[in-house]
Amino acid sequence: MKTGGKVSKFFLVVAFMLASTESIARDNSGMVVSSRGEVSVISNNETRPLKHGDYIYEHDEINVGNRSFAVFQLADGAKLTLRPESSLIIEQYIYEGVDSDNATLNLVSGSLRVVAGAIAHTQPGNYRIRTPIALMSVQGSESSLNLCGDKICDQQGLVEIPE
């Protein structure tokens, strides 16, 4: 009988750990998969460095310094690359595998490359990139955007949408 109790406790612990992991996965937007140089995040009014394996969350402001870069894997499978001297705010990111999934990324400055994930493929109108001068929708599998001050220098795979 004691073995059965140990087995029950084991399965209870495993179930708790899986529930905790699922909860964490729902709460974060993505993870740093690669970075070099000065990469930091402002989250809850605190600034901290970002490194491989760190999570990023909705409302975080990510800053990449000179001669630096960062690559993020988002929960829907999308990959974001922030190039040197870039700043990005994750304004909204909801991914649950349903029609109401959406993402709004605010590229404040610099350059961003996006390899589309599930949201952009299933709900393309729900995946948006805001800039200081335009709101854009991701179209296709890959897109990029380069800001030069208050102008868009270059963009591919994006369509401007009215606000």
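Do the conditions hold for residue 68, that is, is it more than 20 Å from residue 142 (Cα to Cα) and without any contact (Cβ under 8 Å) to a residue 24 or more places away in the chain? Step through it out loud before you land on a result.
Details: more than 20 Å from residue 142 (Cα to Cα): yes; without any contact (Cβ under 8 Å) to a residue 24 or more places away in the chain: no.
In short, no.
So which residues in the range 35-61 are among the hydroxyl-bearing types (Ser, Thr, Tyr) and modelled with pLDDT under 95, if there are any at all?
At the first step, the residues of the range 35-61 found to be among the hydroxyl-bearing types (Ser, Thr, Tyr) are 35, 40, 43, 47, 55, 57.
Of everything in the range 35-61, just one residue is among the hydroxyl-bearing types (Ser, Thr, Tyr) and modelled with pLDDT under 95, namely 43.
Of these, 32, 64, 98, which one is at pLDDT 90 or above and surrounded by fewer than 10 Cβ atoms within 10 Å (Cβ to Cβ)?
Working: 32 fails: surrounded by fewer than 10 Cβ atoms within 10 Å (Cβ to Cβ); 64 fails: surrounded by fewer than 10 Cβ atoms within 10 Å (Cβ to Cβ).
98 is the lone residue from the list that is at pLDDT 90 or above and surrounded by fewer than 10 Cβ atoms within 10 Å (Cβ to Cβ).
Please specify each residue of the range 40-73 satisfying the condition of being more than 22 Å from residue 98 (Cα to Cα), in contact with a Ser or Thr (Cβ under 6 Å, 6 or more places away or on another chain) and assigned to a strand (DSSP E or B).
Result: 40, 47, 49, 63, 64, 70, 71.
Conditions first: (1) touching a residue at least 40 places away in the same chain (Cβ under 8 Å); (2) surrounded by 15 or more Cβ atoms within 10 Å (Cβ to Cβ). Residue 136 passes all but one, so which condition is the exception?
Single failed check for residue 136: (1).
The values are calculated or read from the model by the stated rules, or taken from the named source; none is laboratory data. Because the structure is predicted, anything quoted here is derived from the model rather than measured. Cβ: placed from backbone, ideal geometry, glycine included. Neighbour counts: every protein chain shown.
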